[in-house]
Amino acid sequence: MNVKKLIFLSVFLSVANVYAQDTTMHVNQVTEQISPVVTWRDEVYSSPSLHPFYRMYNYSLLGAHLEDSKKDLYLRQEGSGNTTLKINSESFLKNLKGISLWGKAYYTNDKIKQVNFNETLDYHYVYPYVMADTVGGNLNAESYYFGGGLSKEIGRLRYAIQGSFKGIQSFRNRDPRPKNISSDIDFSLSVAKQLAKEKAFSLDLNLQKYNQNNGLDFVNELGFPLVYHDAGLGVYNELLAGSRTQAYYKGLRLGAQLNFVPTNLNGFSAQIGFDNFNLSKELSSINDKIAEVNDNNIHLLLAYHHQTQVNSFIVKLKGYFTKREGIEATFSNTGGASLYKISNELRYNNEKLGIQLHAAYGKTTKNLNWYFGFEGIFSTDKESYLLPDRFMDYQTASAGVFASLTKPLGKTLLTFDVKATQLTVLNSNFDWDNVNPRTGIYQMLNANYAYLTSDILTITSALRCDFPLNNKLGAFAKAKGAYANYNENNNAQEFIFSIGVIF
């Protein structure tokens, strides 16, 4: 693994060297990178064929980040926090009449704290069908990501392709010992038509292939806890529990998206997209699939944004709906070592609905750049399991305000950000009375419910310094801290320190 890390860093540094030879650091380039308006606008220009229009200035970046976070309340399957080292690089080269190129790569080394009831990678992909036990513990993980795309105008159309690969491996050096490897390959095709009055329309087609090899070992010869395969809200098939500790996941996502944007960054934008994700889970000792996920997602985004050398503004409204269905196999045990599949039944359902509103305004002057903004979010989450009947249902609303100030000091830029967000639970309910209160599963369900239905006040602040190293290269350093309060006895903290170069 050390050889891979060395190769990875060598690629970063070689790319940096090439671009530094013909690029100069510019104040406008840096202010565009740190602008909250630009950050919120990036999603509008996510279409690969329209990506060349999303920024005004070319850039390349190489950075390193240290992060440490801890929560008193948390989702047990995702852990109580992280200690993370991340090294990342990204670049964007804009040529509207020729080929525009962009790319991103990163490596992360994580320690995920206090993961319980989950010995499987990528919980957000595979839930609820994870391999689980009641012991868990800290989990080590390494991630590699490489991605990029290109866009070129041919005739009256602009064509683009974009692809990425992400690989993760996780492990623990004490019992229980997961050895998990996942791969996530994403590929997109896009075509855009430029319209009159600096407008453009595009169609994107997306394909994603996901795989995971999920294994669990024990060294202790005195025994080990029950290993089971979660089916949602703590339900599991007792026929599959015990020594079945090797699972395989295979997923496929197909999606399409329509986009309408102004090519000069000023005006009305719209985006609508749909995708379907299908995931199957298999065990090494059983020929048939034991479970399958069918996930449908739709979103609609509307935005108005405006940018000049002095003023910038954006208001963005996004709505989404997700429906995830879990289909389980029913098995018959004839008394031998083999299980025979009888049927498939829809047992698990999770529906999520959300509406997000973001607005920000900023002004650039010689002595000070400032931004003020607001965000509001409303969301519902309904999760249920059939036979035995269990459910969890809650609604939340959050409102946040932020300010960002950038002060030039000679050739140095100092940026201070502050944000406050209040999340309030509007309504919540649950029922898992058929679970034994003395079991670990009962405690897990109640702990997760307490986290998901808690009011949260979050305060975040950050200080960043950008300064030139020479006429071709600039550096930055950033410190960020966040504090969240759930109630009198439960809090969360996060600290991030970043350094890097931009050119």
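The values are calculated or read from the model by the stated rules, or taken from the named source; none is laboratory data. Just so it is clear, the model here is predicted, and its values are computed rather than measured. A quick note on method: Cβ atoms are made from the backbone with ideal geometry, for glycine too, and the neighbour counts reach across all protein chains shown. Accessible surface areas use protein heavy atoms only, side chains included; no ligands, DNA or RNA. Shrake-Rupley method; radii C 1.70, N 1.55, O 1.52, S 1.80 Å.
Structural remarks
- Complete set of residues in the stretch 235-249 that are over 12 Å from Ala291 (Cβ atoms), in a strand (DSSP E or B) and either open to solvent by less than 30 Å² (accessible area, probe 1.4 Å) or touching a Lys or Arg at 6+ places or on another chain (Cβ under 9 Å) (or both): Gly242
- Those residues of the stretch 123-147 which are of a type in the set (A, V, I, L, M, F, W, C) and open to solvent by 20 Å² or more (accessible area, probe 1.4 Å), in sequence order: Val135, Phe146
- Of the criteria (1) outside any strand (DSSP E or B); (2) under 20 Å from the mean Cα position of the chain (by Cα), which one Pro225 fails: (2)
- Complete set of residues in the stretch 452-468 that are in contact (Cβ under 8 Å) with a residue 60 or more places away in the chain and out of contact with any Lys or Arg (no Cβ under 8 Å at 6 or more places or on another chain): Leu452, Ser454, Asp466
- Ser182 vs. criteria within 30 Å of Arg347 (Cβ to Cβ), polar (S, T, N, Q) and in contact (Cβ under 8 Å) with a residue 60 or more places away in the chain: yes
- Members of the stretch 440-450 found to be open to solvent by 50 Å² or more (accessible area, probe 1.4 Å) and in contact (Cβ under 8 Å) with a residue 12 or more places away in the chain, listed by number: Tyr442
- Hits in the stretch 29-76 (condition: free of Cβ contacts under 8 Å to residues at least 40 places away in the same chain and more than 18 Å from Asn259 (Cβ to Cβ)): Glu32, Thr39, Tyr57, Asn58
- Members of the stretch 40-87 found to be among the basic types (Lys, Arg), part of a loop (DSSP other than H, G, I, E, B) and at pLDDT 95 or above, listed by number: Arg76
- Some residue of the stretch 202-214 being more than 20 Å from the chain's Cα centre (by Cα) and under 30 Å from Glu345 (Cα atoms): yes
- Residues that are within 20 Å of Lys166 (Cβ to Cβ), in a strand (DSSP E or B) and open to solvent by less than 50 Å² (accessible area, probe 1.4 Å), drawn from the stretch 93-122: Trp102, Gly103, Ala105, Tyr106, Tyr107, Thr108, Asp110, Ile112, Val115
- Among all residues of the stretch 130-138, there is at least one that is in contact (Cβ under 8 Å) with a residue 60 or more places away in the chain and among the hydroxyl-bearing types (Ser, Thr, Tyr).
- Qualifying residues in the stretch 451-491 (those that are crowded, with 18+ Cβ neighbours inside 10 Å and among the charged types (D, E, K, R)) - the one nearest to Val27 (Cα to Cα): Asp466
- Matching residues in the stretch 419-442 - criterion: being in a strand (DSSP E or B), among the hydroxyl-bearing types (Ser, Thr, Tyr) and more than 26 Å from Ala482 (Cα to Cα): Ser428
- The set of residues from the stretch 148-188 being open to solvent by 50 Å² or more (accessible area, probe 1.4 Å), out of contact with any Asp or Glu (no Cβ under 8 Å at 6 or more places or on another chain) and over 26 Å from Ser202 (Cα atoms) comprises Phe171, Asn173, Arg174, Ile181.
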